[in-house]
Amino acid sequence: MKTFEELGVSADICRAIYELGFVNPMPVQEEVIPYLLSGDADVVALAQTGTGKTAAFGLPVIQKLDVDQRVPQSLILCPTRELCLQIAGDLKDYSKYVEGVHVLPVYGGSSIESQIRSLKQGVHIVVATPGRLLDLMRRDKVSLANIKNVVMDEADEMLDMGFSEDLNAILEAVPETRNTLMFSATMNKEIEKIAKNYLHDAKEITIGRKNESTHNVNHVYYCVHAKDKYETLKRIVDYHPNIYAIIFCRTRIETQEIADKLMQDGYNADSLHGELSQAARDLVMQKFRLRHLQLLVATDVAARGLDVDDLTHVINYGLPDDIEYYTHRSGRTGRAGKTGTSIAIINLREKGKMRNIEKVIGHEFQPGEMPTRQQICKKQLMKSIDNLEKVQVNEEEINEFMPEVYRKLDWLSKEDVLKRVVSTAFNRFLDYYRNRPEIEIDNGRERNKGKEGKEGKAGKRSRNRVAEEGFSRLFINLGRTDRLNPKALMSLVNEHIHGKVEIGRIDVMQNFSFFEVREDDADRVVRFLNGQNYKNRAITVEFSDPGQDGEKPKKTEGKGRSERKSDKRGRDRKEERPTRENRRSARDNDKEVMKQLREIKAAKKAAKSKPSREERGYTKPRGRKDDWMQFFMQDNELKGNAPDLNEEGWAKKSKKK
């Protein structure tokens, strides 16, 4: 294994990184650092998050600086404010013993005026988010004329966040003679397009396979019913008392709901999503980095840039739609040579998505064993004992109180004291899990229920069913056509039969039905129901064929008598063929019912009929017609003397004016 000196790293930089705990270069550093130090070249490096990419491009960038020229010489672009601050902090640590190096983080959510003042004072390396850098470029406050190296870290995430146009604008503004370094965890078409347009003869360096997950991560899944997902999450957390994890959710609403539930249940958790203000996000992430939070519930976008090396678990509360998102999620654990676990809590519908992820990342998910109540309580008990062992005792401060404590606890034995101390922290889990049912793993077997018991070459069920042991199977001439259902049948039995009657299996067919009752009640049910009416139809109840033969019924396979629900579409069950006597009796009853219905219809028709108008004495047509001829057909004679038209006032011609 090579050393950093053998890779060509300068003594001042080696001194700084050794103080940071660096021992030997990681695979991506062995590949990238010598290539970048050897000359001017473009690079596309594919490596997972947490594999040492920052040092891979940061050490050569610092070593190739001209410290005497206090102008921006290297530009590093990253997707989020958090990652921007982290990279800038790492570069400052690497250049601790390189005098005169100035690194400036430029990002949104902070005062742009202070960033402009720092740019005027002169910097060598600018670490920026695309949006804020474009803002400074439009204001003509930053000069990119002397940029020699452009690094795009987490390029795939920047494209996912919609920075494609911003990146194009920035890359067009830097000199064409610059070197371009693109670092990404995954390779997609957008990455290839940018590499083709802005990189020249780029060398592709791949650590592992493209889009592959790190080998230090174990992939585990729990397939449960949707209603049990939160309980499964709690059991996983309780079974790992020292867990330090990010829980990824698909939406902001789900993220906040899960975080609120965990906090209400006493867990040290908080949420991180896009609806939080920048100050609230900074506070949550700072608490999580300092391990003041044990669980962080986050969305994919909000968690970008959160770089924590000691995560023990990544929990997927449902799988993402984009496989690349899963690669980024799982890459947050198992970093810096450590091992980690990526857990997926899924339902049966997500198994296909899980198989697609397996093909891309090159790893197989292992089914997780659901922790039992006893296992969880044992783990928590051992955790309480470990905490008790690690308690630091301040002898000087506590000595003056101990005599009173001894007198107070004098009546308790040593064993009793230990039990009470341990139970102080342990009782919460005992009380919670005491009566909790075990969570059932959803393996899809229930969906195949009822497929067993098939017989014959064609796999068909027997057309004739027999009653369950201790029951008699009865035929009734009512079915779905008569709007009969199991509830209506049970109401019918309760209405006409006194006393309790236990009803077993009910099979409602289209025109008739079968139901089972206790052998002791069968005769009584047949006797009291026969001849009754159901919606104007006479009821006929008879023993089904197996009961008439007097043979002891065999226990049927498949569904028990307590199951009332038939298959939704009736695919797995064919209607039972009634006996000849049943069919004849049903036809006779149908004929009788149809005759009665015809008579009722005729009686109603007769009741509605009434005598005509002529029979009731009317001779004139109904209503009144307006006859305009009446004004001309009458004898219009003048009455009295005829007027003298020559008199004054009759049609006298007026004089012209």
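The values are calculated or read from the model by the stated rules, or taken from the named source; none is laboratory data. Here the structure is a predicted model, which means the values were calculated and not measured. Quick reminder, even Gly has a Cβ in these numbers, built from the backbone with ideal geometry, and neighbours come from all protein chains shown. Ligands, DNA and RNA are excluded from the accessible area calculation, which covers all protein heavy atoms including side chains. Shrake-Rupley method; radii C 1.70, N 1.55, O 1.52, S 1.80 Å.
Miscellaneous remarks
- A simple rule links phi to the HN-Hα coupling: the Karplus curve 6.51 cos²θ - 1.76 cosθ + 1.60 with θ = phi - 60°, which for region 346-354 gives 10, 10, 4, 5, 8, 5, x, 5, 5 Hz, with x for Gly and Pro.
- R0 of 35 Å, Cβ-Cβ distance residue 168-residue 10: FRET efficiency to nearest 0.05: 0.50
- Database remark: amide H of residue 344 closer than 5 angstrom to the amide H of 220, 221, 222, 316 (H placed geometrically; neighbours at sequence offset of 5 or more, or on other chains; Pro and chain starts carry no H).
- Cβ-based net charge around residue 478, under 10 Å, with every Lys or Arg adding one and every Asp or Glu removing one: +3
- Backbone geometry of region 262-273 corresponds, through the Karplus equation with coefficients 6.51, -1.76 and 1.60 at θ = phi - 60°, to 3J(HN,Hα) couplings of 5, 5, 5, 8, x, 8, 8, 9, 7, 10, 9, 8 Hz, x marking Gly and Pro.
- Rounded to two decimals, the Cα radius of gyration of region 344-413 over 2.2 N^0.38 Å is 2.23.
- Accessible area of residue 165 (1.4 Å probe, protein heavy atoms only, ligands and nucleic acids ignored): about 150 Å².
- Length gained when the stretch residue 535-residue 206 is fully extended (0.36 nm per residue, less Cα-Cα span): 110.6 nm
- Length gained when the stretch residue 524-residue 355 is fully extended (0.36 nm per residue, less Cα-Cα span): 54.9 nm
- Placing dummy labels 7 Å off each Cα toward the beta-carbon, the span from residue 37 to residue 490 is 8.2 nm.
- Between the amide H of residue 179 and those of 149, 150, distances stay under 5 Å, these residues lying 5 or more places away or on another chain, with hydrogens modeled in the peptide plane.
- Residue 410-residue 242 FRET efficiency (beta carbon distance; Förster radius 45 Å; 0.05 resolution): 0.80
- 22 Å Cα-Cα threshold exceeded, pairs from 234/378; 2/92; 535/601; 229/359; 141/196: 2/92; 229/359; 141/196
- The P(r) of region 198-335 has a tail past 17 Å containing 62 percent of all C-alpha pairs.
- Förster-model FRET efficiency, 56 Å R0, residue 226 and residue 389, C-beta, rounded to 0.05: 0.85
- Relative contact order (%) - criterion: Cα under 8 Å, at least six apart; region: region 95-240: 17
- Above 18 Å, the calculated P(r) of region 379-447 contains 62 percent of its Cα-Cα pairs.
- Whole-angstrom gap from region 185-205 to region 107-126, using each part's C-alpha centre: 29
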